[in-house]
Amino acid sequence: MSKSMRNLVIAAVTLLVVLVVGVALVPVLFRDQIVERLRNALNDRVDATVTFSDVDVSLLSTFPTLTAEVSELAITGKGDFAEATLLTATSIGAGIDLIGLVLRSEITIESIEVNEPEVHLVVRADGSANYDIVPELADGSEAPERAIAFEIKRLRIAVGSLTYVTPSTRVVVAGLDHDGRAKISGAVQELSLKTTVDE
């Protein structure tokens, strides 16, 4: 092997090592900034208060799947629903195929796992609801529709509960477990779902 070729190989290996170390260290070195930016972004986009204890982002150990997990998530309403908690969950995690996203512009979600979610839906007599937390666009128009194409290989909800309350109705679902997958391409939807409840 010539000297120039050997130098090229050494440079390539060094660059690869630097990239791998960088990918490994980003979640560690910038954890606080990632958590704070995610918290601010969520609270800016919904008419509710979003809190969570931690965010874990990993790529090196799960490559080529980028994984993220939010711990102790809580979404609480504002105004008339300031004391109504819409959602709590022990953790919500997701993994996305990074290579497919970057090279083929395909959104393939390897998994979404929601552990111990508690959902509380409240509808008042005037029709207002605590789950109506996405603000309308400033000009009152709807966002332009685009063809959506993505795949979720696994969606799992473990030990969930749902409470739905109106002035005349109260429904409680306990011990909800869900396992499914979905593939959506425009108007074509392929779903495989299995849901069980204890009571």
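Before moving on, here are some points about what is shown:
- Full extension of the chain between residue 83 and residue 153 yields a length gain of 21.6 nm, computed as 0.36 nm times the residue separation minus the alpha carbon distance.
- Taking each residue as 0.36 nm, the span from residue 183 to residue 98 lengthens on full extension beyond its C-alpha to C-alpha distance by 28.9 nm.
- Ranked from largest, the principal axis spans of the Cα set of the stretch 51-95 equal 45, 14, 13 Å.
- Solvent-accessible surface ranking, highest first, for 170, 154 at 1.4 angstrom: 170, 154
- Within the assembled protein chains, the solvent-accessible surface assigned to residue 153 is about 100 Å², based on a 1.4 Å probe.
- Cα centroid of the stretch 157-199 to Cα centroid of the stretch 78-130, whole Å: 13
- Using a cutoff of 8 angstrom between alpha carbon atoms and counting only pairs six or more residues apart, the relative contact order for the stretch 92-133 works out to 32 percent.
The values are calculated or read from the model by the stated rules, or taken from the named source; none is laboratory data. For clarity, every value in this text was computed on a predicted model and none was experimentally measured. Side chains included, ligands, DNA and RNA excluded: accessible areas come from the protein's heavy atoms. Shrake-Rupley method; radii C 1.70, N 1.55, O 1.52, S 1.80 Å.
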